[in-house]
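Student: This is the structure I want to talk about, given as structure tokens.
Quick note: the coordinates plus some simple rules give every number you see, no bench work behind them. Just so it is clear, the model here is predicted, and its values are computed rather than measured. Methodologically, a virtual Cβ is constructed for each residue, glycine included, from the backbone with ideal geometry; neighbour enumeration extends over all protein chains shown.
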Amino acid sequence: MTSFRRSGDAGQAFPIYITVVGGLLFLALAYFAVGQAAANRNDAQTAADAAALAAAQDTRDALADRWVQDLLDPAKWQAVFDGNVDGIGSTCGRAYELAARNDASVIGCGLEGLLGYKVEVETNRTVGDSVVPGTENRRSNATATAVIEPRCTFQLPAEGVEEDVLPPLTCEGEEWELDPKGPIELLPRPEDLFEVHLAD
């Protein structure tokens with residue numbers, strides 16, 4: 001009698017065991033799907049960050065080149081540091097290139113003020129098959145904004161100062177004595193003149 005009761009209890013417990021195991025398995029697959037989606041979103045954000053920074057760095061380099069062109073006319077320097085110059089144009093081409101390197105596509109890129117770029121990307125890969133319906137065709141989107149900030153200050157020379165004497169340029173505590181007749185290699189580099197970073 002006792003052995004029959006134990007056998008009956010075991011028979012009743014088996015369906016409960018199967019249900020519990022099935023539920024745990026479903027939860028594990030659901031967590032895996034969430035992990036897949038989070039990883040895809042992270043990939044999208046990485047691509048957006050890289051694309052925005054690349055576009056801003058290209059503009060930074062163009063502004064630095066313009067500053068070198070205007071080296072002998074310090075009255076034009078401030079416009080360069082403010083990004084308020086003609087002929088620089090948008091550099092979204094670099095954004096497309098960096099997004100592609102990160103397996104994503106740019107779906108929006110444009111200037112954010114005079115010294116910034118806002119880029120939106122979409123991953124080329126989908127989240128993938130999972131227990132959550134629709135993920136097999138879902139891609140992740142992300143947006144990033146990169147800004148360019150001037151690092152340098154200067155004071156225009158007083159009237160009567162020789163034209164070939166340029167005002168010193170102070171870039172975050174480092175002072176540059178500029179020699180217009182010296183080699184270009186001794187001039188500040190783009191990264192000395194401007195900082196590029198992601199907006200908070």
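Student: For Asp103 paired with Ala199, estimate the spin-label separation in nm (one decimal), with each label point 7 Å from Cα along the Cα-to-Cβ line.
Tutor: Those two pseudo-labels are separated by 2.9 nm.
Student: For segment 103-119, what does the Karplus curve 6.51 cos²θ - 1.76 cosθ + 1.60, with θ = phi - 60°, yield as ³J(HN,Hα) per residue in whole Hz, taken in order and with x for Gly and Pro?
Tutor: 6, 9, 10, 6, 10, x, 8, x, 5, 10, x, 7, 10, x, 9, 10, 10
Student: Sort 41-48, 84-91, 71-78, 108-115 by packing, meaning the average of other beta carbons within 10 Å per residue, with the highest value first.
Tutor: The packing order, highest mean first, is 41-48, 108-115, 71-78, 84-91.
Student: Hey, can you grab everything whose amide H is under 5 Å from the amide H of Leu115? Only 5+ residues off in sequence or another chain; H modelled, so Pro and N-termini drop out.
Tutor: none
Student: Once the Cβ-Cβ distance between Gln69 and Asn124 is put in as r, and R0 is 30 Å, what FRET efficiency do you end up with, to the nearest 0.05?
Tutor: Efficiency at R0 = 30 Å is approximately 0.15.
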